[in-house]
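Let me begin by presenting the structure, written as structure tokens, before commenting on it.
Values in this text are rule-based calculations from the coordinates and carry no lab data. No experiment lies behind these values; they were computed from the predicted model shown. Here the Cβ is made from the backbone with ideal geometry for all residues, glycine too, and neighbour counts use every protein chain on show.
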DNA sequence: ACCAATAGTGAGACATTGTGTCAATACTGA
DNA sequence: TCAGTATTGACACAATGTCTCACTATTGGT
């Protein structure tokens, strides 16, 4: 089966709690709420989006989470590879929940549905680039954009 | 030899003027100044950088070019493939002067020196992704980051 | 060369996204 | 329980980009 594409093992809030404390971070109530809210998304979300969602908490809890806390927490989660920072087609940054090791994403330009993939065909290119330019190459960014099946226009057949 | 890397044919201001009018844009003095300033750069520059450079015009011309004009003009130039929008290592957007067709860049994380390359190894990957996901794939973004020869630490000899 | 039509400009207000500060708070281990 | 300290939240601030709108300058026709 398609071993190159799917992300079959969803991460859980308690798993993230474990990772947090393993890294020496405290488990606080804002962090838990942020993690839970992030896990609700199966497509990229922006920090501001989370800010808004956590502000209108419908269950009556009026305690706001500060914007800075959300940005900080997302940074932490990204640094632990729980989230990935991705660039949206428009050029804006967003986060996706991700399993560690995954690096690249296929993103629907219309609805932002996202598929992670691990195969990375640039190794050979990197060798050529090193030979040609004498750069030391440390990192790369690869994002693929298109239309997911649901957003594609119907094939005209009635 | 390195046919995959260099960008040997620099574009000129008058060439850009031609392209502009071919696309129905007027040749205005702000646009000419923006184009000339952009051509001075051989590495990525941000819109704000151009704003600053065009503000301190040292030749005594006190006419400022509005920020909006600069952003608009850069957008136009990018839409005509005279410039490319690239993502800097930090995640910020910048522009590089580029020959049409070139799409990817190798960028030094330290000094932002940039090398354009045309080879693009993702065609095969794209086929796999289409087969696995049924996406229609329209575009992709690939940026490679590293250290240029001048910014690399010395090899520890001595 | 002149004119009218209209694309383009510039200034600044505004929006968005993100960072820094710092007193107050809450988590943790003892 | 308590103290130590990581963390929080509110807000100020910065950077980057968008929008508006009256004014200006370019262009094509004459």
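Annotations
- Placing a pseudo-label 7 Å from each Cα along the Cα-to-Cβ vector at residue B:118 and residue B:79 gives an inter-label distance of 2.6 nm.
- Using a 7 Å projection from Cα along Cα-to-Cβ, the label point at residue B:42 is separated from the same position in the remaining copies by 5.1 nm, smallest value first.
- With its label point defined 7 Å out from Cα along the Cα-to-Cβ axis, residue B:18 lies at 6.5 nm from the matching points of the other copies, in increasing order.
- Its Cα gyration tensor gives region B:13-149 an equivalent ellipsoid. The semi-axes, each the square root of 5 times an eigenvalue, are 31, 19, 12 Å from largest down.
- Rounded to the nearest 0.05, the FRET efficiency derived from the C-beta distance between residue A:110 and residue B:150 at R0 = 41 Å is 0.45.
- Once the C-beta distance of residue B:17 and residue B:52 is scaled by a Förster radius of 25 Å, the resulting FRET efficiency is 0.55 to the nearest 0.05.
- In region A:13-151, Cα pairs under 8 Å separated by at least six residues give a relative contact order of 20 percent.
- Plainly put, the tip 7 Å out from Cα toward Cβ on residue A:68 is 3.4 nm from that tip on each other copy, the closest given first.
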